[in-house]
Every structure is written in structure tokens, then in C-alpha cells.
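Trainee: Have a look at the structure that comes next, please.
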């Protein structure tokens, strides 16, 4: 797969791994267009598109490094311009760099499903360093204000990426970042118990969409699960071979197992998980996590077939992409044992 195909796959399709970010569609489109142009120019210099450097991880590193160098070069240029002309207004250039860093951060988030964990950590550390450099440059080149006796309102302290219920509810209605085409599933149901058993790998992707006050029981293995717009639902799912993407859920309970789980725009919901990689949340609050507790006839063999028979403890190591500080994110917590549900048999 060449770089252009890899980026297009990350941005739109990934038939067995739907992990697109659901926030800020306009910025995502702009970022994809810009990054596509960057590596398209690289592609034009390659004579062999089967070169191993076009593998997904290497494609990511190429694009990430290119963008990082571009940002660093812009910061250096701003410093030089400030030294040459101290009165020059560099605010527009600084805002442009800030947007580029944000876009790069989103790119890491959207590529995290195929990246090795150390690559994600390294990339996030690089982004953190870029932000610190931007702050340092901004403080140096920002023109001093003239002395004044006028009273100024005290600046309100920033909430530092703490996601609140009011903040999410005041956002414009989110569009689905991934729209499965003709995938089997349950859609537009209320007050129903929905049961399905999978045999072998007969199903690639399964969808749960626009459900209210429903209980869903899915037994057996399948490739991937996409969930969006659920309210007050209980979802019990056997092992998923690929990934699970959850968007726009409120007041729900999930008992699910998968290699990779991403959660966007979740409110006051509990997640009982077994997963190989660290769960990812974004624009969520009041979400709690606990270990997987599902039971049905044959689940042990299904877990083994899916390579999910061992509990790695990843369910308790959640990555909040709205919170890059070293301290614990306030948007999620581990569910206390006394509050957890018992093993669920379906």
C-alpha cells in the first residue's frame, strides 16, 4: 500500500478497523488534504511503490517527521523575524503554527490504531515539546504593552481540557465520522432485547445505531463493531477480532472485548472491557472502567480464538486525547469494586 492509500485508509475507510475521529470534520479534511499533498510530492520521487518504506507505520513516521520539521522551521523563522523587526505583529503566524500542532496531534490520534505503543508515546511527547517551544517563542516575540493605569479584568483560570457535561451539550451536533455501508446490525430501536449469535467469521462489521432503552446480546466472534447514538442501553458483546468504535452514547453500560477500543463523546457510561491496547477516549466525561465480566456457553474458546483469553489489565490504562498532562485525567475513573456488576451470563 503506498502513502496516499495509507492516509486515505486512515481518514475514511479501514473496512475492519473504523477509528476515525468524530470531532472537527473541517479540520480533519484540511489536515488530510495538506498531508496528502506532502506525501504525494514524495511519491512522485519514488520509482518503486512496492518499496517497504510505504508500510503504514513508516508512512506515518514520514508524514509526522515532515510536519514536525515544517513547524520547527516556522518557529525559527518567527524568531528571526522578531529579532530583525521587534515591532512586527507575528500573532497570525503564531496562530497558524498552533493550528498545525493541533492538526498533528489529531493525526496521531487517528493513526493510533495501527501504531506500536512506543510510537504513540514518542509522538505525543514530541507534540508536547512543540507546544512548549511555541509557548516559549510566543513569550519572547510578543510585543510589550504600553504602561497603563486602567483596571483590567482578572483572567479566568483555564480548565485545562477538563470535559464537562455543559461543554459537550453546547457543542454543535456531531456528525458520524464513519458511516458503514450496508453493514448488518440493529438500528432505530426502542425498548427491545436484541440477540444475535455469530458463527465463524461470517460477519465482518456489525453496527448498533440509534438505540434507546435496549439490551443487546451478541455471542460469538466477528471482525469489528461500530456503535453510535445510544441512550440508556445495556450492551453485552463477545470477543471482537478487530476494533470497536463507540460514539455519542449516554447513560449506557458496555461489556465488550476487543483488541482496540475507541470512545468518542460518551457521557456518564460504564465500560467493562478486555482489550489488548489501551482504551482511548475523547470528548467524554463521567466514564468509568472495570474488567470484562461476560459469560456464555463457548466464550472461553471464542476468547482464545480472538487472542483475548488473557486479561492484560489494559482496561485500567485509559488514554484521554483531551488530556496530555502527566496527572490522571478527570474525565474517567476506575469503577470501584463495590459498585461493579456481577458476571453477566447471556
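The values are calculated or read from the model by the stated rules, or taken from the named source; none is laboratory data. Keep in mind that what you see is a predicted model, and the values were worked out from it rather than measured. Heads up, the Cβs are rebuilt from the backbone with ideal geometry, glycines too, and the neighbour counts pull from every protein chain shown.
Trainee: What is the residue count in segment 68-98 for residues that are without any contact (Cβ under 8 Å) to a residue 12 or more places away in the chain and within 24 Å of residue 321 (Cβ to Cβ)?
Mentor: Residues meeting the conditions: 2.
Trainee: Exactly one condition in (1) assigned by TED's automatic domain parsing to the domain that holds residue 291; (2) modelled with pLDDT under 90 is false for residue 167; which is it?
Mentor: Result: residue 167 fails condition (1) only.
Trainee: Can you tell me which residue is nearest to the chain's Cα centre (by Cα) among those in segment 259-279 that are part of a loop (DSSP other than H, G, I, E, B) and closer than 13 Å to residue 289 by Cα?
Mentor: Only one residue tops the list, namely 279.
Let's see how each residue does on (1) closer than 18 Å to residue 240 by Cα; (2) in contact with a helix residue (DSSP H, G or I) (Cβ under 7 Å, 6 or more places away or on another chain); (3) not assigned by TED's automatic domain parsing to the domain that holds residue 234:
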position: 264; (1), (2), (3): no, no, no
position: 274; (1), (2), (3): yes, yes, no
position: 277; (1), (2), (3): yes, yes, no
position: 298; (1), (2), (3): yes, no, no
position: 327; (1), (2), (3): no, no, no
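Trainee: Hey, can you tell me all the residues within segment 270-286 that are without any contact (Cβ under 8 Å) to a residue 60 or more places away in the chain and closer than 16 Å to residue 330 by Cβ?
Mentor: Initially, segment 270-286 is screened for residues without any contact (Cβ under 8 Å) to a residue 60 or more places away in the chain, giving 271, 273-276, 279, 281.
The answer is 281, and nothing else.
Trainee: Which of the following residues is crowded, with 18+ Cβ neighbours inside 10 Å, under 25 Å from the mean Cα position of the chain (by Cα) and not in a helix (DSSP H, G or I): 115, 63, 104?
Mentor: 115
Trainee: Go through segment 239-256 and give me each residue that's over 17 Å from the mean Cα position of the chain (by Cα), in a strand (DSSP E or B) and at pLDDT 95 or above.
Mentor: Listed by number, the residues that qualify are 250, 253, 254, 255, 256.
Trainee: Just name the residue that is surrounded by the most Cβ atoms within 10 Å (Cβ to Cβ) out of those in segment 286-324 that are at pLDDT 90 or above and assigned to a strand (DSSP E or B).
Mentor: 287
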